[in-house]
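The values are calculated or read from the model by the stated rules, or taken from the named source; none is laboratory data. Predicted model only: the values in this text are computed from it and were never measured. For neighbour counting, all protein chains shown are included, and Cβ atoms are generated from backbone atoms with ideal geometry for every residue, glycine included.
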Amino acid sequence: MSIATRRLIMLSRRSHQALTTTRSTSTAVSDTPRFLKHNSPHPILTDHTSTLSCPQTRLTTLPNGLRIATESNLSHTATVCVWIDTGSRFETDETRGVANFLMNMVYRGTSKRSMSDLDEEFENMGGEYQSYISREQTVYIVKVTATDVPKAIDVLSDMLQNSTFEENMIVDLRNDTITRMLEENEDPDSVVSDCLHAAAFRDTPFGRSTDGRPKDAFFVTKKVLQDYLSTHYSTHRTIITASGAVNHGEIVEQVKKTFTKLSTNPITSTQLVKQAPAIFTGSEIRKRDDDMPYAYFGIFFKGASWTDPDSFALLVIQLMLGSWTKSTDVDKNKGSQFAQMAGIDELAEHLRAGTCHYKDTGLFGVSAIAKPDCLDDLASAIMQKLSQLCYQVTEEDVIRAQNKVNRH
């Protein structure tokens, strides 16, 4: 992590401590200079458990290692998710792109339900369903009414344990996957994200796209899918969550009855990460296309992992910087000086601070869209604003960002 980033984190953390210790006793602002008040180099807040414990989350771990977490509220609907610790980071050269292919393949039919049957069941429940994949996780999400929670769990368990992987369905999905990849290769935002990870984690699976390459789809077979499923879709790497109108005890019993065929491979994602830790490499990738009217780019630094106490400080810093979009003139009047700079000086079409976290690392920085003749000035302005956070931040800016965190 760069020295500048560490200073940003330390500054945000000290401010958080000052706010939390004075909020209940006084609202007066001390005349003491900021750096004299918060000059300790040692972290104060090292555990966010108390912050994250509301609303209460109930957790049960079954004997086979499968974890079940629930949060109940007075809603009339419920969301059921299956989180599996697998993604492109855990792929090999031989299984590149398989995680994403498998995520889409489980919707193509099981031994109990055809593809049309699955669609019909979701439609009859009036539910919303989706799935997504990242470099470390694959997630399946279903949102239904309270009465349909048992059925949603049954359908999810069927998809993840009884998929048939019929050859004709594999061929159809292969064609769809290749077409989608070619379309995404034309999407500048997707290209920038992939280039960012490729530059930060060079020559490792972590630096690869979650989609794989078009040619990888031709090597996916039924056996490849079954092997990947048995290796990575295991009880020790799976968490089932439910929130909303749910009862923890009932969810546990339903999961016990339905999720009975998951692999019991004892290897966890944490063990795999320790075997191949992420190594951040500062570097640069450029892809030039003079036919495009704008340039899409990002300036990022090594950030913090999910469990790093600095992850909250980086989130506050991200919201302090904010975002700017040219089509919304009101952004010129935002509290963020970063957004004001972009709007008043008209250096960018779009500007956004961002942070992402992984098991043992993270990324923090700024992405932007700008005209080619503005790039030098914009890059210089971004670095100036990031550096400025190390020594010039007001209490009002920190409070504003913290309030945004609370609203999220």
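Remarks
- Positions within segment 290-305 being within 22 Å of Arg208 (Cβ to Cβ) and more than 18 Å from the chain's Cα centre (by Cα), in sequence order: Tyr296, Phe297, Ile299
- Qualifying residue in segment 242-254 (condition: more than 26 Å from Gln161 (Cα to Cα), without any contact (Cβ under 8 Å) to a residue 60 or more places away in the chain and among the small types (Gly, Ala, Ser)): no
- Scanning segment 117-143 for residues that are touching a residue at least 24 places away in the same chain (Cβ under 8 Å) and part of a loop (DSSP other than H, G, I, E, B) returns Gly127, Ser134, Arg135, Glu136, Gln137.
- Of all residues assigned to segment 207-223, none qualifies as being in contact (Cβ under 8 Å) with a residue 12 or more places away in the chain, surrounded by fewer than 19 Cβ atoms within 10 Å (Cβ to Cβ), among the aliphatic types (A, V, I, L, M) and more than 30 Å from Pro293 (Cα to Cα).
- Matching residues, segment 348-362, being in contact with a Leu (Cβ under 7 Å, 6 or more places away or on another chain) and surrounded by fewer than 22 Cβ atoms within 10 Å (Cβ to Cβ): Thr355, Cys356
- Yes/no for Val393 being in a helix (DSSP H, G or I), touching a residue at least 40 places away in the same chain (Cβ under 8 Å) and either in the same structural domain as Leu196 (by TED's automatic domain parsing) or over 24 Å from Asp194 (Cα atoms) (or both): no
- Qualifying residue in segment 144-160 (condition: in contact with a strand residue (DSSP E or B) (Cβ under 8 Å, 6 or more places away or on another chain), assigned by TED's automatic domain parsing to the domain that holds Phe90 and surrounded by fewer than 16 Cβ atoms within 10 Å (Cβ to Cβ)): yes
- Against the test of being touching a Lys or Arg at 6+ places or on another chain (Cβ under 7 Å) and either on the phi > 0 side of the Ramachandran plot or not aliphatic (A, V, I, L, M) (or both), the options Pro188, Pro205, Pro214 yield a single qualifying residue, Pro205.
- Count of residues meeting criterion [touching a Pro at 6+ places or on another chain (Cβ under 6 Å) and more than 27 Å from Cys374 (Cα to Cα)] in segment 274-300: 0
- Tally, over segment 188-220, of residues that are assigned to a loop (DSSP other than H, G, I, E, B), under 15 Å from Ala99 (Cβ atoms) and not acidic (Asp, Glu): 6
- Residues within segment 92-111 that are crowded, with 23+ Cβ neighbours inside 10 Å and among the β-branched types (Val, Ile, Thr), tallied: 3
- The residue that is surrounded by the most Cβ atoms within 10 Å (Cβ to Cβ), among those in segment 234-280 that are under 14 Å from Leu62 (Cα atoms) and hydrophobic (A, V, I, L, M, F, W, C), is Ile240.
- The set of residues in segment 131-151 that are of a type in the set (D, E, K, R), in contact with a Ser or Thr (Cβ under 6 Å, 6 or more places away or on another chain) and closer than 23 Å to Lys257 by Cα contains only Lys143.
- Residue ID - farthest from Arg174 (Cα to Cα), chosen from residues in segment 79-116 that are among the β-branched types (Val, Ile, Thr) and part of a helix (DSSP H, G or I): Val106
- Cβ-Cβ contacts under 6 Å between residues 6 or more apart (or on different chains), taken from a first residue in segment 164-191 that is over 17 Å from Ile369 (Cα atoms) to a second residue that is surrounded by 11 or more Cβ atoms within 10 Å (Cβ to Cβ) and modelled with pLDDT of 95 or more, are listed as Thr164/Gly109; Phe165/Lys222; Phe165/Leu225; Met169/Arg108; Leu173/Asn104; Leu173/Met105.
- Among the residues of segment 203-230, those identified as out of contact with any His (no Cβ under 6 Å at 6 or more places or on another chain) and either acidic (Asp, Glu) or closer than 20 Å to Thr281 by Cβ (or both) are Asp203, Thr204, Pro205, Phe206, Arg208, Ser209, Thr210, Asp211, Asp216, Asp227.
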